1. Can you tell me the Rg and the Dmax, both Å, for the Cα atoms in segment 230-293?
2. Normalised radius of gyration for segment 1-70, please: alpha carbon Rg relative to 2.2 N^0.38 Å, two decimal places.
3. Cα to Cα, under 17 Å, and not fewer than 8 places away if on the same chain: which aspartates and glutamates meet these conditions relative to residue 2?
4. Please give the length that would be gained between residue 21 and residue 35 if that part of the chain were fully extended, namely 0.36 nm times their separation in residues minus their C-alpha to C-alpha distance (nm, one decimal).
5. Principal axes first, then extents: for the Cα atoms of segment 106-295, list largest minus smallest coordinate on each axis, whole Å, largest first.
6. Of all GluC sites (Glu not before Pro) in segment 262-293, which ones are in loop regions per DSSP and have a Cβ with at most 11 other Cβ atoms within 10 Å?
7. With r defined as the distance between the Cβ atoms of residue 253 and residue 334 and R0 fixed at 45 Å, what FRET efficiency is calculated, to the nearest 0.05?
8. So between residue 9 and residue 288, what do we pick up on full extension, going 0.36 nm a residue minus the alpha carbon distance?
Amino acid sequence: MKLTLFGAQRYDRAFFDRVGRAHFAQCGYRIDYQESLLTEATVALADGSDAGCVFVNDQVTRTVLAGLKELGIRIVLLRCAGYNQIDLVAAQELGITVARVPAYSPEAVAEHTLALIMTLNRHTHRAFNRVREGNFSLDGLLGQNLHGKTVGLIGTGKIGLATARIFSGFGCRVLGSDPVEAPEFLACGEYVALDTLLAQSDIVSLHCPLLPATHHLIDADTLALMKPGAMLVNTSRGALVDTRALIAALKSRRLGALAIDVYEQEGPLFFQDRSFEIIDDEVFQRLMSFPNVLVTGHQGFFTEEAMTEIAMVTLGNLQEWERTGSCTNRVLPD
Ligand code: NAI
């Protein structure tokens, strides 16, 4: 069984090779690592493979799926939880199984959310640079205690819940908004309507999936409902927020601070060294110009534990499908 892994980074190779050797040696899987993302232009790279493996920014459209089918590929393995990048209806019609990694260390993303909030609030990124240059002044580094603040979580699934537990431990009041309420969440927070969450939270953090119903969930209207000066954090998916509306809210000083690990147009930017290139994205560059904006390049998942789990579950999905023709982690259209 041969697998073409698209968008392969050095670390993907390291974890897939290590997990493959340790746990799937008897399966004899051969992995062809391709740096290119899966697109209409690169689909042919999967020629000779039985399975394709993609991440968050591959655009697995109907045309791409049809191309994969022509090459004889019958399973697409998502090495991530989100599946907004794949046309599930087309996959089903073409008889291609789609499997994902539904949960891999939700704490990895929850802890990165905390890291972003702490950095932005206590300005440790600026302090680090100042101290290295012998500048020990504190002007501009004033933060706020998180203890006693209200943190609103939109989405209280696995990552939202892990985040709720962290902030509850900090002594924060934790609010949640989710159409499906989780009893475990009630141990550290309370459910309120979205409008109430936006109006009362000092920090609003997004932990829901990107779906047609959640596209631009945070736009000019919902930003106007937020507490003036509040912080917004998005470690979920870029298109949950309307980036232009964010820029307007930052310019008007209505939004106090913004931390993002994901960006609506991240596809052409993220996961590559572009430090010698001119970045053409004016919206992204405007965002970067604000002193109260912190951006990381989709690294919430990037811990040893999560990477190991991703490789384990992805290869496990392939193994289960090969043995049974089906897969527990299969994703079907709604
Ligand atoms: P999950 O499926 O456990 O939880 C998602 C929750 O969002 C569910 O409880 C669902 O009912 C809720 N939800 C759906 N629509 C909603 C709405 N309109 N308003 C409020 N809540 C809504 O998913 P999990 O594992 O917690 O992941 C959440 C998201 O985090 C993923 O969809 C993915 O986009 C993102 N993610 C980001 C990573 C990163 O590296 N930055 C890594 C992994 C996931």
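Any read-out appearing in this document is the output of simple, stated calculations on the displayed coordinates, not a laboratory observation. As the structure is a prediction and not an experimental result, all values here were calculated from the model. Note: ideal-geometry Cβ built from the backbone for every residue, glycine included; neighbour counts use all protein chains shown.
1. Radius of gyration, then largest Cα-Cα span, for segment 230-293: 11.9, 35 Å.
2. 1.11
3. 12, 17, 32, 35, 47, 50, 70, 320, 322
4. Stretched fully, the residue 21-residue 35 segment lengthens by 2.9 nm.
5. 48, 38, 32
6. 277
7. Step by step, r from the Cβ atoms, then E = 0.70.
8. That pair, residue 9 and residue 288, stretches by 97.9 nm at full extension.
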